[in-house]
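The block underneath contains the structure these notes are about, expressed in structure tokens.
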Amino acid sequence: MGLRLTQLDETNRPAFERLLAHVWQLSCSVELARAVVRWRYDERASGGGTWLVCHDGECVAMLDSFLRPYLLNGRRIHVREGCDWYCLPKYRSLGLGIRLMKKMMTCDEPMISIGGSEWTRAILPKLGWKRLPDVQSYVLPLKARGAAGAILRDRWPVYEAYVRLVPEFLPARRLRRAEAPRVGATSVEEWRPGAPALLPPAGGRGLVQLLEPGDLDWMGRMPDGLARPFGLAFSLGREPVGFSLAQLEPAPTGLDGRIVHVLITHEAQEIADWVMAETARRLAGLGAGMVRCLASTPQKKIALRRAGFVSRAPLPSYWWSNNIALSPSASDTGYLRADDAIPFSTLRAHHSSLPEEEAPASRTGA
């Protein structure tokens, strides 16, 4: 049938973008869609690689990946994160998606998958992927409209617009106070895109996701209208003990918040409680009606529950490696993986605008 497996380059870029438009099915403006494609594929710092199957000059299947640093039992490695795994329906009987995945599985780097479709969850174990500890999903419904909109977007997106009938001011859940730890003088410094960030050195058991300055800079250059990222650096005295990267996302029913990545380097549970609660408080202050977060460590899970978050269905996590014999026994991962932090669901519907950005906050005591 003239099927050809290749990687993305300038010769097949137009065919790839036609397939990508079919995959993403965005309903935002053409300008925003082009900006997202350029930022997502051309400007990312992590590299990775995009594999395609082409037929008679058209792209019919694709599989993309990000390549990011992690710690594995304290040792720095690079892990490949698969995403945008898709095949046109009329070609699926040919097993092109499996062919692409098997091709990527020959790469030197290990691979990680979190969540995914029912089909993905069913096929990865059959391809030899090992199950990792689940990643727990959490939500903090702050406003009735935001909570209802998020539920409908996940289950019945066609009805989400009706949630606008719910008064915007009605609360859904009381935000718990972000109390500073009693272990010493504390401070919180806000990071804004374009500025250097105070990132403490990471550590921890098992597989630990790392936020690098390059990826942070890339997130900071997110197109206008997609989301607004910001970070918070937490310190005890002069010692940095945590950093959270969050973003405010325009949604059809208002604004959503997402905690993309959290690094906590202090063992005290009250430090984790402070980091999570303060990050949620800042998102609420910016108008978020719902906040999402993922967590896979006991410390973070306890902190999210104490901050008022509610757990949802756990996300299965899978691991593949040609070179590393043992699978990680524990993990510390979140929305930073691949493009999990990109709010595609809100780009598939008409959404509200982000409010005007205020001047960066100065360093303040907490």
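The values are calculated or read from the model by the stated rules, or taken from the named source; none is laboratory data. Because the structure is predicted, anything quoted here is derived from the model rather than measured. Methodologically, a virtual Cβ is constructed for each residue, glycine included, from the backbone with ideal geometry; neighbour enumeration extends over all protein chains shown.
Restricted to region 119-133, and to residues there that are of a type outside the set (Val, Ile, Thr) and under 19 Å from the mean Cα position of the chain (by Cα), the residue that is surrounded by the fewest Cβ atoms within 10 Å (Cβ to Cβ) is ARG121.
Give the residue, chosen from GLY204, GLY287, GLY225, GLY254, that is closer than 22 Å to PRO133 by Cβ, at pLDDT below 95 and over 16 Å from the mean Cα position of the chain (by Cα). That would be GLY204, the only listed residue that is closer than 22 Å to PRO133 by Cβ, at pLDDT below 95 and over 16 Å from the mean Cα position of the chain (by Cα). Check whether at least one residue in region 308-320 is surrounded by 24 or more Cβ atoms within 10 Å (Cβ to Cβ) and aliphatic (A, V, I, L, M), and report yes or no. Among the residues of region 308-320, not one is surrounded by 24 or more Cβ atoms within 10 Å (Cβ to Cβ) and aliphatic (A, V, I, L, M), which makes the answer no.
May I ask you to verify whether ARG44 is assigned to a helix (DSSP H, G or I), surrounded by 13 or more Cβ atoms within 10 Å (Cβ to Cβ), under 21 Å from the mean Cα position of the chain (by Cα) and not assigned by TED's automatic domain parsing to the domain that holds ARG337? In short, no. Looking at region 102-113, can you tell me whether even one residue there is touching a strand residue (DSSP E or B) at 6+ places or on another chain (Cβ under 9 Å), over 17 Å from LEU326 (Cα atoms) and of a type in the set (A, V, I, L, M)? Yes, region 102-113 contains a residue that is touching a strand residue (DSSP E or B) at 6+ places or on another chain (Cβ under 9 Å), over 17 Å from LEU326 (Cα atoms) and of a type in the set (A, V, I, L, M). If you go through region 233-248 and pick out every residue that is surrounded by fewer than 23 Cβ atoms within 10 Å (Cβ to Cβ) and either in contact with a helix residue (DSSP H, G or I) (Cβ under 6 Å, 6 or more places away or on another chain) or free of Cβ contacts under 8 Å to residues at least 40 places away in the same chain (or both), you end up with 2. Taking (1) touching a helix residue (DSSP H, G or I) at 6+ places or on another chain (Cβ under 6 Å); (2) among the charged types (D, E, K, R); (3) outside any helix (DSSP H, G or I) in turn, ASP273 satisfies each apart from (3). Of the residues making up region 276-299, those that are surrounded by fewer than 24 Cβ atoms within 10 Å (Cβ to Cβ) and in a helix (DSSP H, G or I) are ALA277, GLU278, ARG281, ARG282, ALA284, GLY285, PRO298, GLN299. Among residues of region 103-146 being part of a strand (DSSP E or B) and of a type in the set (D, E, K, R), the one that is modelled with the lowest pLDDT is LYS143.
No other residue among LEU354, LEU294 is touching a Gly at 6+ places or on another chain (Cβ under 8 Å) and at pLDDT below 90 apart from LEU354.
Filtering region 20-39 for residues that are at negative phi, touching a strand residue (DSSP E or B) at 6+ places or on another chain (Cβ under 6 Å) and assigned to a loop (DSSP other than H, G, I, E, B) leaves an empty set.
Summed over region 59-100, residues that are surrounded by 14 or more Cβ atoms within 10 Å (Cβ to Cβ) and either within 18 Å of PHE16 (Cβ to Cβ) or hydroxyl-bearing (Ser, Thr, Tyr) (or both) total 21.
Within region 36-61, the only residue that satisfies the criterion of being under 25 Å from GLY95 (Cβ atoms) and touching an Asp or Glu at 6+ places or on another chain (Cβ under 6 Å) is THR50. I'm trying to understand the selection: among the residues of region 38-60, which are within 24 Å of ASP340 (Cβ to Cβ) and among the acidic types (Asp, Glu)? Answer for region 38-60, where residues must be within 24 Å of ASP340 (Cβ to Cβ) and among the acidic types (Asp, Glu): ASP42, GLU43.
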